[in-house]
Amino acid sequence: QVQLVESGGGLVQPGGSLRLSCAASGTIFSINARNWYRQAPGKQRELVAAIISGGSTNYADSVKGRFTISRDNAKNTVYLQMNSLKPEDTAVYYCNIASRFRDYWGQGTQVTVSS
């Protein structure tokens, strides 16, 4: 059974940094992309960053230049390095793995940016 477990969220001041991790257990076949989504209160879930199976990356305009997605295949883990955090980055962040057959989701980790 596949499980995705996120960690690394927390409270940080504006301008600070956090690194989120998403560790996957189990085997997933035909992975198309590894993604980070976020959902702020009262808003729809949005795609923040993606790393495609070939290694290319995509980012939401709101985080370009501040967030970096990466993966460690040996550890079956995907990361989201978040720098220069802003209050509007406050949300629950979800790890997602999109395969040919289905999507897998983590439980989410809260990120709060506040002074």
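Key figures for this structure:
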{"read-out": "Residues satisfying the stated conditions in the range 64-77, i.e. open to solvent by 30 Å² or more (accessible area, probe 1.4 Å) and touching a strand residue (DSSP E or B) at 6+ places or on another chain (Cβ under 6 Å)", "value": "68, 70, 71, 76"}
{"read-out": "So residue 80, is it under 19 Å from residue 4 (Cβ atoms) and either open to solvent by 40 Å² or more (accessible area, probe 1.4 Å) or outside any strand (DSSP E or B) (or both)", "value": "no"}
{"read-out": "Conditions (1) among the hydrophobic types (A, V, I, L, M, F, W, C); (2) part of a strand (DSSP E or B); (3) farther than 13 Å from residue 113 by Cβ: number failed by residue 74", "value": "(2)"}
{"read-out": "Pairs, first on the phi > 0 side of the Ramachandran plot and surrounded by fewer than 19 Cβ atoms within 10 Å (Cβ to Cβ) in the range 95-115, second modelled with pLDDT under 95 and among the polar types (S, T, N, Q), C-beta under 8 Å, six or more apart", "value": "none"}
{"read-out": "Filtered residues of the range 83-94 (kept if closer than 24 Å to residue 3 by Cα and open to solvent by 10 Å² or more (accessible area, probe 1.4 Å))", "value": "92, 94"}
{"read-out": "Scope the range 1-17; condition open to solvent by 30 Å² or more (accessible area, probe 1.4 Å) and either within 16 Å of the chain's Cα centre (by Cα) or touching a residue at least 40 places away in the same chain (Cβ under 8 Å) (or both); matching residues", "value": "2, 3, 5, 7, 8, 9, 11, 13, 14, 15, 17"}
{"read-out": "Residue, surrounded by the fewest Cβ atoms within 10 Å (Cβ to Cβ), within the range 18-63, restricted to residues that are touching a residue at least 24 places away in the same chain (Cβ under 8 Å), of a type in the set (S, T, N, Q) and within 17 Å of residue 103 (Cβ to Cβ)", "value": "27"}
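The values are calculated or read from the model by the stated rules, or taken from the named source; none is laboratory data. Everything quoted here is computed from the prediction, not taken from an experiment. Ideal geometry is used to build each Cβ from the backbone, glycine not excepted, and the neighbour counts take in all protein chains shown. Note: areas computed on protein heavy atoms with side chains; ligands, DNA, RNA excluded. Shrake-Rupley method; radii C 1.70, N 1.55, O 1.52, S 1.80 Å.
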